[in-house]
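Any read-out appearing in this document is the output of simple, stated calculations on the displayed coordinates, not a laboratory observation. Everything quoted here is computed from the prediction, not taken from an experiment. A quick note on method: Cβ atoms are made from the backbone with ideal geometry, for glycine too, and the neighbour counts reach across all protein chains shown.
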Amino acid sequence: MLSSRFYHQPLQSHKPVLVFLHGLLGSGEDWQQTLAELEGYPAITIDLPGHGLSALQSCCTFKECCDQITDTLLTHLAPEQPIVLVGYSLGARIAMSGVALEFFPSLNIKLLIVEGGNFGLQQESEKQARWQNDQRWANRFREEPIEQVLSDWYQQSVFSSLNHEQRQKLVIKRSANLGSSVANMLEATSLAKQDYLLEQLKCSGVSTYYICGEKDNKFSQLAEQSGLSFRQVANAGHNVHIEQPKAFAEVIKTQLNTHFCGR
């Protein structure tokens, strides 16, 4: 069972509950600033395998991770409870996999909100290159001091909007992770192992909304090309919910009003 935390009870069976899935190296605690802006909205945060209070849990595949999420949620929720699934980066890829590939058959997911999630790679050469890259990082997380690895990790182009002080704060914050646990999760849920999900996502019957930061060129381009409804958030890079939590929460509220108002 994965570690989880419930916020803003009581829960009403006909109203949706927000379920938040964090990114690699994160935990459910990463959503605190967003949750502070969502007072009165029932929400559950989950620590994914290898992270937070689930650091000693593991999975081998996307499906296994989705099964663990399902088991965890069904300890809180009735199967008919409407769910709005919100995922960031790795959490977004897990959420999209679960919805697109029907890995959440026991959950009543009504809306998927994707923050900076990659739909997947289409070329075998891209997958091979990504796998080699992820293995290099995984080996470093296993073998080197985690602070040293994180200092290099946050130099990657996807984090280019961060300044030196922000990078240093993240290195300190993320150093609580177990390097071996991060490595295992990185390999189990590598982008190289993920299906290309966009078309199946569109056919899933679950409404999908995409959020990206205006400074995040790569994922802004993915959003624009996807054909999905999306929002670019000003003054934010890859991690919108940390950089602009109020704006992120407002997008969620707007989507809730759009999809559930009057129901």
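Tabulated values for the structure
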| item | result |
| --- | --- |
| Aspartates and glutamates whose Cα lies under 16 Å from that of Lys63, excluding same-chain neighbours fewer than 8 positions away | Asp71, Glu102, Glu187, Asp195 |
| Partner aspartates and glutamates for Lys215 [C-alpha distance under 15 Å; skip if fewer than 8 residues away on the same chain] | Glu115, Glu224, Glu243 |
| Rounded, prolate or oblate (a/c below 1.5 giving rounded, otherwise prolate when a/b exceeds b/c) for segment 7-104 by Cα gyration tensor | oblate |
| Dipole magnitude (debye, nearest 20) for segment 102-226, charges at Cβ of Lys, Arg, Asp, Glu | 220 |
| Neighbour net charge for Trp31 - beta-carbon separation under 12 angstrom, K R +1, D E -1 | -4 |
| Cβ-placed point charges (K, R +1; D, E -1), dipole of the chain about Cα centre in debye, nearest 20 | 260 |
| Out-of-range pairs (alpha-carbon distance over 32 Å; input Lys173/Lys202; Lys127/Lys253; Lys15/Lys173; Lys169/Lys202; Lys173/Lys253) | Lys173/Lys202; Lys127/Lys253; Lys15/Lys173; Lys169/Lys202 |
| Residues of segment 181-219 with amide N under 12 Å of the 7 Å Cα→Cβ point at Thr254 | 210-212 |
| Within-14-Å neighbourhood charge of Met185 [Cβ basis; K, R +1; D, E -1] | 0 |
| Around Tyr41: net Lys/Arg minus Asp/Glu count, Cβ-Cβ under 11 Å | 0 |
| The chain: relative contact order as a whole-number percent, Cα under 8 Å and 6+ apart | 22 |
| Inverse of mean 1/r across different Cα pairs in segment 125-185, Kirkwood, Å | 12.2 |
| Mean separation of Cα contacts under 8 Å, 6 or more apart, over the residue count of segment 125-185: relative contact order % | 50 |
| Pairs of Cα atoms farther than 35 Å apart, the chain, % | 9 |
| Total charge dipole magnitude, segment 125-185, about the Cα centre, Cβ charges on Lys, Arg, Asp, Glu only, Debye to nearest 20 | 120 |
| Cysteines having no other Cys beta carbon under 4.7 Å from their own, within the chain | Cys60, Cys66, Cys203, Cys212, Cys261 |
